[in-house]
Amino acid sequence: METQSITIRRPDDWHLHLRDGEMLKAVAPYTARQFARAIVMPNLTPPVTTVEAAAAYRDRIVAAAGPGFTPLMTCYLTDDASPDELERGHAEGVWVAAKLYPAHATTNSAAGVTDVRNIAAALERMQRIGMPLLIHGEVTDHEAVFIERILQHLVRDFPTLKIVFEHITTRDAAQFVADAPGTVAATITPQHLIINRNAIFAGGIRPHAYCLPVAKREQHRLAVRRAAVSGSPKFFLGTDSAPHLREAKESSCGCAGIFNAPYALESYATVFDEEGALDRLEAFASENGARFYGLPLNEGRVTLERADVLVPENVPAAGSSLVPFHAG
Ligand code: NCD
Ligand code: ZN
């Protein structure tokens, strides 16, 4: 018999873009409705590189999200990231992790790291203080190339550094993480479980299916799905919800990012249901990430009920609108 309702520990989102200003006010409540905590990406303009900027941003998020939601802040690593600043932010409880964007890999990443050798001292310090490194693991190359050129070396050179390979999209990445030591984990988005690259070209160019890393071929989607439902504690929920206003997406140079926050948990639950793995949803959504970060599990519970839902064509934001994942 079909499961009609499930109750799980309140989940967390281990990879989220909330933006700032009016956009932040529009999108934060969607995440706070479902998740107790979220790892907030620092790719604002300018990027969040100082403890003060991160603390002030955290206050704005708390105000926008309302009570019951805890933003977990990250430091945007640049070539001249200071080990002392990282340690201070971590010790003061502002920064939970630091984010490595290879320069020019994605939205607002021009200030990213040009060569990981430039941040060796920062990584050394993070390893020592137990501060996780979050990696956007794709440049202009495929994930497989990034693994060979960069990740394998990092894992070898910093054997006790916690590393999160973010938003994995390929069989290669899923396999690498599964085979890696316990210090390595990965987040998985709803879109990479649900769409393959054909969705971007279905009957015409589909800007709302375009995100980075871009969705790959079907065999990769299936491998990422198997990893998510495998029960391995190395894989956990990270939506990568990345809102851009409709006109910025529907453009001759459309922004990368899928706004999946409104129905994020429902998206994942649908996948786990289809895979006959609803009993593993709770670990993926609510336990594995917190354990990897060494944070307490949430106390609250959420209940999901099986029902048809019509996802709106768009939702208002900042004087314009956002088109959510599954719109219509
Ligand atoms: C993100 C954004 O818009 O900030 N876009 C995306 O497609 N995921 C950046 C990122 O995480 O790569
Ligand atoms: Zn992201």
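The values are calculated or read from the model by the stated rules, or taken from the named source; none is laboratory data. As the structure is a prediction and not an experimental result, all values here were calculated from the model. Here the Cβ is made from the backbone with ideal geometry for all residues, glycine too, and neighbour counts use every protein chain on show. Surface accessibility is based on the protein's heavy atoms, side chains included, excluding ligands, DNA and RNA. Shrake-Rupley method; radii C 1.70, N 1.55, O 1.52, S 1.80 Å.
If only the Cβ of Lys and Arg carry +1 and only the Cβ of Asp and Glu carry -1, the dipole of the chain around its Cα centre is close to 200 debye.
Rolling a 1.4 angstrom probe over the protein heavy atoms with all chains in place gives region 1-101 an accessible area of 39 Å² per residue. Taken one residue at a time, the phi angles of region 148-164 give Karplus couplings (6.51, -1.76, 1.60, θ = phi - 60°) of 5, 7, 10, 4, 4, 5, 4, 4, 6, 6, 10, x, 10, 6, 6, 10, 10 Hz. Gly and Pro are set to x.
Every helix of 4 or more DSSP H residues in the chain counts as -39500 (n - 2.57), and over all residues that averages to -9000 deg cm²/dmol at 222 nm. For region 69-108, the convex hull drawn through the C-alpha positions has a volume of 72 cubic angstrom per residue. Here, P(r) means the percent of Cα pairs in each 5 Å bin from 0 to the largest distance; for region 1-91 it is 3, 13, 23, 21, 15, 10, 7, 3, 2, 2, 1, 0.
In whole percent, and with a 1.4 Å probe on the protein chains, what portion of the accessible area of region 224-271 is carbon and sulfur? Heavy-atom surface of region 224-271 belonging to carbon and sulfur, 1.4 Å probe: 57 percent.
In the context of the full protein assembly, Cys75 retains an accessible surface of approximately 10 Å², using a probe radius of 1.4 Å and ignoring ligands and nucleic acids. Where is the GNM fluctuation largest for the chain (alpha-carbon springs, 10 angstrom cutoff): Pro159, Pro213, Pro132? Greatest mean-square fluctuation among the candidates belongs to Pro159.
Shape verdict for region 185-239, please, from the Cα gyration tensor: rounded (a/c under 1.5), prolate (a/b greater than b/c) or oblate. Prolate. Rounded to the nearest angstrom and listed largest first, the equivalent-ellipsoid semi-axes of region 94-153 from its Cα gyration tensor are 20, 14, 10. Volume per residue for the chain equals 127 cubic angstrom (convex hull of Cα atoms). With the charge dipole of region 93-170 set up from +1 on Lys and Arg Cβ and -1 on Asp and Glu Cβ about the Cα centre, the Cα lying farthest toward the positive end among the listed residues Leu151, Ile119, Ser109 is that of Ile119. Within region 97-214, the ratio Rg/Rh, alpha carbon atoms throughout and Rh by Kirkwood, equals 0.99. Counting only protein chain heavy atoms and rolling a 1.4 Å probe, the accessible areas of Ile194, Ile119 rank, largest first, as Ile194, Ile119. Looking at the chain, the DSSP beta bridges with both ends there are about 25 percent antiparallel. Computed from point charges on the beta carbon alone (+1 for Lys and Arg, -1 for Asp and Glu), the dipole magnitude for region 64-203 about its Cα centre is near 280 Debye.
Residues Arg246, Arg149, ordered by accessible area of protein heavy atoms at a 1.4 angstrom probe radius and largest first, appear as Arg149, Arg246. For region 202-212, backbone phi angles converted through the Karplus equation (6.51, -1.76, 1.60; θ = phi - 60°) give residue-by-residue couplings of 6, x, x, 6, 10, x, 7, 9, 9, 9, 10 Hz, Gly and Pro being listed as x. Radius of gyration over Kirkwood radius for region 18-157, both on Cα atoms: the Rg/Rh ratio is 0.98. Annotation: amide H of Thr70 within the under-5 Å range of Arg37, Ala38, sequence separation 5 or more or interchain, hydrogens built in the peptide plane. For the cross-link pairs Lys25/Lys99; Lys162/Lys216; Lys162/Lys249; Lys216/Lys249, the ones whose C-alpha atoms lie over 29 Å apart are Lys162/Lys249.
With every protein chain in place and a 1.4 angstrom probe, the accessible-area ranking of Glu305, Glu85, largest first, reads Glu305, Glu85.
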